[in-house]
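This report refers to the structure that appears directly beneath it.
The values are calculated or read from the model by the stated rules, or taken from the named source; none is laboratory data. Since the structure is predicted, the reported quantities are computational estimates derived from the model, not experimental observations. Glycine gets a Cβ as well: all are built from the backbone with ideal geometry, and neighbour counts include every protein chain shown.
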Amino acid sequence: MKKFEEICLIVIDDIKAGRKKVGDKIPSIRAMAEKHKVSKNTVITAYNKLLEQHWIKALPKSGFYVGEDLSNTPMLNATPFYTGIDLLEQQMVNQSHHKPGAGRYPKEYMDKLNLERYLGQASDRFGSESAEVAHFDRGNGDPAGNVLLRGLLVDILSRRAMTVESQNVLLTYGTNHSLDLIIRHFLTSGDPVIVESPGYYPLFSKLELHQVAINTIKRTKLGIDANHLEALIIKSQPKILFLQPFAQNPMGTDLTSQNMAEIQALCTQYNVIIVENDPFLLARDDAASYFFNQTCPVIYVSSFSKTVSASIRCGFVVASKSVIKSLTRLKMITVINTSSIMENILNHLITSGALTNHLQALKHLSAEKSATAITQLNKIDGLTLYPHNPSGNFLWFRIPMDDKKAVEAAKNNNIFIAPGSLFFPSDPTYFALRVNKFYIDKTTVKFIKTAIFNHH
């Protein structure tokens, strides 16, 4: 049994034995870690699982308390844990032969970049004294990130109708690092925010860790209802609206220009910051952001990790110069700086033309995989796919059974799938699956058809 599971069972045992009742306070993360000689991260993982199972609840600026009366519920270790953290871990280590639950492109498609060759060139530059490579940092480097790479990003964004300067760009270790910096800077315990439901599950975990008040707006195949959004803004008075307008994770859908105009007008009127997450920027050919050059305050987040390589931990934030300055200082406090070696590899990829060639091949392959996966899945009676942006990886559809039971059935068939319920920040309103189109094969299609939709 893992350490976090032991912590879960300690709390549950106290509840089931009557030592802790509904409303009673449970030890803080620090106190629990010290008492049982485990790390705070272990306790955080345990408490997140207990929160998702409703054994406990978090009250802003107060702590953790016993939640619903679940004293007659079987112990949690009787059924598998399956939370957002589990899904993230499974995407990294899962050894199933079939992996439609994966988040990234298959490794064989990314290996063609031959990153090892560029790593060697980047290493060679450490020993070079030529003026040609004088931009390569030998120390901690510019705290905002590699100067050349930020300049190259300015050019990339300008070709996508987004006019910025290098002082508007901060390099990070990826989208999740960017989101963490934004949350730390703008939000404190109890602050209200709005997130999409279903939406990006790692974001929910970060907000919960900071005990932020999460309000949800439904994301449907048609987008976001502007009337519902306005009512929610008036009621909750959020500081931030977190959005993924294009190729959304998990649904794979886009917001229409009209819908984005409605959202932009509301956020301008009520002074709500839009944090726009765009992981598939480099896989798209259209404008980078509808919102950025508008009148509402916007922070734009993207990454190289999704479309170049998961091992290239490099993302970026684009915002006003004052916001970038504040986030840069926070970056220095938390991680000192990002990796000059990784950033220099990206310089090589961009300036040599290798990245352009890679992305063109990836776009062509992505379109092919979209067509193939959609054709295969549309043959299953009762399965209706949501609209799909072919630049993204994900397809989304509702299913007629508990999606966590579907996960266990898939596991028994050596298939790794992602249950839709993990993408809802609160109780799901329906059961669904998110599948990665690059991993749709005959075995996966047969499983979905027979085990989930019961067609034999």
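See the values below:
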{"quantity": "Residue count for the stretch 429-456, restricted to those that are surrounded by fewer than 18 Cβ atoms within 10 Å (Cβ to Cβ) and part of a loop (DSSP other than H, G, I, E, B)", "calculated": "7"}
{"quantity": "Enumeration of residues in the stretch 276-322 that are under 18 Å from Ala261 (Cβ atoms) and at pLDDT 95 or above", "calculated": "Glu276, Asp278, Val298, Tyr300"}
{"quantity": "Test: Ile273 is at pLDDT 95 or above, over 17 Å from His177 (Cβ atoms) and in contact with a Leu (Cβ under 9 Å, 6 or more places away or on another chain)", "calculated": "yes"}
{"quantity": "Yes/no for His228 being assigned to a helix (DSSP H, G or I) and in contact (Cβ under 8 Å) with a residue 40 or more places away in the chain", "calculated": "no"}
{"quantity": "Positions within the stretch 1-35 being of a type outside the set (Asp, Glu), surrounded by fewer than 15 Cβ atoms within 10 Å (Cβ to Cβ) and assigned to a helix (DSSP H, G or I), in sequence order", "calculated": "Arg30, Ala31, Lys35"}
{"quantity": "Candidates Leu395, Leu422, filtered to the one that is more than 12 Å from Ile448 (Cβ to Cβ), out of contact with any Cys (no Cβ under 9 Å at 6 or more places or on another chain) and aliphatic (A, V, I, L, M)", "calculated": "Leu422"}
{"quantity": "Residue list for the stretch 28-65, filter: more than 29 Å from the chain's Cα centre (by Cα) and touching a residue at least 24 places away in the same chain (Cβ under 8 Å)", "calculated": "His36"}
{"quantity": "Condition check for Leu241: surrounded by 23 or more Cβ atoms within 10 Å (Cβ to Cβ) and over 12 Å from the mean Cα position of the chain (by Cα)", "calculated": "yes"}
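Matching residues to (1) exposed (fewer than 15 other Cβ atoms within 10 Å of the Cβ); (2) farther than 26 Å from Val195 by Cβ; (3) within 16 Å of the chain's Cα centre (by Cα); (4) among the charged types (D, E, K, R):
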{"site": "Glu276", "(1), (2), (3), (4)": "no, no, yes, yes"}
{"site": "Val301", "(1), (2), (3), (4)": "no, no, yes, no"}
{"site": "Phe316", "(1), (2), (3), (4)": "no, no, yes, no"}
{"site": "Ser320", "(1), (2), (3), (4)": "yes, no, no, no"}
{"site": "Ser326", "(1), (2), (3), (4)": "no, no, no, no"}
{"site": "Thr334", "(1), (2), (3), (4)": "yes, no, no, no"}
{"site": "Thr351", "(1), (2), (3), (4)": "yes, yes, no, no"}
{"site": "Leu355", "(1), (2), (3), (4)": "no, yes, no, no"}
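Conditions tested, residue by residue: (1) closer than 27 Å to Glu108 by Cα; (2) free of Cβ contacts under 8 Å to residues at least 12 places away in the same chain; (3) in the same structural domain as Met251 (by TED's automatic domain parsing); (4) crowded, with 22+ Cβ neighbours inside 10 Å.
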position	(1), (2), (3), (4)
Val308	yes, no, yes, yes
Lys331	no, no, yes, yes
His348	yes, no, yes, no
Ala361	yes, no, no, no
Leu365	yes, no, no, no
Pro390	yes, no, no, no
Asn393	yes, no, no, yes
Asp402	no, no, no, no
Asn413	yes, no, no, no
